[in-house]
Amino acid sequence: MSMPVFNIEVDQPRSVELIIEHSDQDGATDLLGPALQALSNHIRTQPFLADVFRLVITADRSASFDSTRNSWETLHRQHFNGAHGAPVTGQPADSASSDGLRIVVARADSIPTPPADGGTWPVLLWIIGDGADNHYLAAHTAWTANRTVSDPSASPNRLRDVCVRFLQDVVLADTGDAHSWVSDGMGSLLSGLGYAVR
């Protein structure tokens with residue numbers, strides 16, 4: 001008597017990454033705090049997210065936190081308690097096998113030059129501080145960003161809402177797509193802010 005053989009194909013879960021870039025000199029820590037706290041809370045209450053979601057925080061283009069290499073306690077220690085640690089391992093690269101979003105937070109008076117290789121992921125450029133309304137259109141063009149937001153008051157709850165919605169609409173949704181979400185899905189979160197879309 002022969003034993004039946006079953007071939008079962010199991011799809012690997014889709015991995016989605018969020019890279020948030022800022023400069024230590026821009027004072028973006030207060031802006032990032034609520035967003036990082038909200039993302040951390042979601043990971044703690046939904047541990048399976050650790051297998052499908054990667055968060056990278058960079059300061060001055062060097063990774064200071066990478067959820068695939070650091071514990072979430074490290075995130076709390078480095079970004080919530082004001083003790084920034086040594087970089088993880090330089091500039092993170094886009095993963096060719098996953099979807100992702102790159103959020104670049106910059107002060108209007110110190111917008112960095114775009115990297116030579118912008119990668120394949122959509123870029124959300126978040127311009128803060130005095131002059132944001134005057135500089136975001138030029139920055140949008142220079143970066144060829146998918147969306148650029150002008151946030152003169154550096155509203156931490158707005159960025160938090162964007163990050164949480166990205167987690168819900170792109171990471172947790174089987175059909176989520178970062179490119180279409182940045183172009184079409186996040187507009188309602190930006191009511192009252194200036195923005196440009198590619």
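The values are calculated or read from the model by the stated rules, or taken from the named source; none is laboratory data. The shown structure was predicted, so the numbers you read here are calculated from the model rather than taken from an experiment. So basically every Cβ, Gly included, is an ideal-geometry build from the backbone, and we count neighbours across all protein chains shown. The area values use the complete protein model at the heavy-atom level, side chains included, leaving out ligands, DNA and RNA. Shrake-Rupley method; radii C 1.70, N 1.55, O 1.52, S 1.80 Å.
Structural remarks
- Residues of the range 127-149 classified as free of Cβ contacts under 8 Å to residues at least 40 places away in the same chain and on the phi < 0 side of the Ramachandran plot, total: 9
- In the condition set (1) β-branched (Val, Ile, Thr); (2) open to solvent by 30 Å² or more (accessible area, probe 1.4 Å); (3) part of a strand (DSSP E or B), residue 127 is compliant with all but (2).
- Residue list for the range 24-53, restricted to those being surrounded by fewer than 16 Cβ atoms within 10 Å (Cβ to Cβ), in contact (Cβ under 8 Å) with a residue 12 or more places away in the chain and outside any helix (DSSP H, G or I): 27
- Subset of the range 7-42 (residues that are more than 15 Å from the chain's Cα centre (by Cα) and at pLDDT 85 or above): 41
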